[in-house]
Amino acid sequence: AALPDLLLVVDSNGLCRRAHSPSASQRGRAWNSNPLTDYLPATVADQVKHDVQHALQHNTAHVREHAVPSVNEQTVFEARIVPVQAEEGPPIDAVVMLRDMSDREEARRLVEQRAALEVTNAQLQSANAELETFAYAASHDMKSPLRALSNLSTWIEEEIVDVDRPEATRYLDRKSVV
């Protein structure tokens, strides 16, 4: 299941002071002072908490993509963290915007697969062209010696027609079978 887009106001301790989700399943929930682990897997919540602390400490925005593996696929989402400047003093909260990027990642993966298939297809077409050239040359190279042998056997046949040797006639008869 895709991660819903979320908008959180998070303090330096990783507690969500406020939250908003456009998802109908998330509306009306009590959101105040819940830990990030209520909304995100623990490993991702720890990373987001660290990023919030960094953004608050340095008063800078921060963007990071996170991948959350699931049973059949991987959910990729972007976390944008922006410190909220207080009237006096350093920022004490940060706005965390979470956006599901799984569709974009799937599209990127499909584009990469298609490009790889096009390269493979071009290589296959080139190999087929080389094989056709080789087959034509080999066929042509084999026709000339076979034609020479056929001409030689015809010449020998014409020369020994008057000779009464059944063994030679039998060998020449076998030539026409091959």
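Quick note: the coordinates plus some simple rules give every number you see, no bench work behind them. Since the model is a prediction, treat every value here as computed from it, not as a measurement. Cβ coordinates were reconstructed from backbone atoms using ideal geometry, including for glycine residues, and neighbour counts include every protein chain displayed.
Assorted remarks:
- Reciprocal of mean inverse Cα separation for the stretch 70-147 (Kirkwood radius, Å): 18.6
- When peptides 84-95, 104-115 are sorted by average Cβ neighbour count within 10 Å, with the highest value leading, the order is 84-95, 104-115.
- Under the shape rule built on the C-alpha gyration tensor, where the axes satisfy a ≥ b ≥ c, the stretch 45-111 is prolate, since a/c reaches at least 1.5 and a/b is greater than b/c.
- For Met101, nonlocal amide neighbours, meaning residues 5 or more places apart or on other chains whose placed amide H falls under 5 Å from its own, are Val76, Phe77, Glu78.
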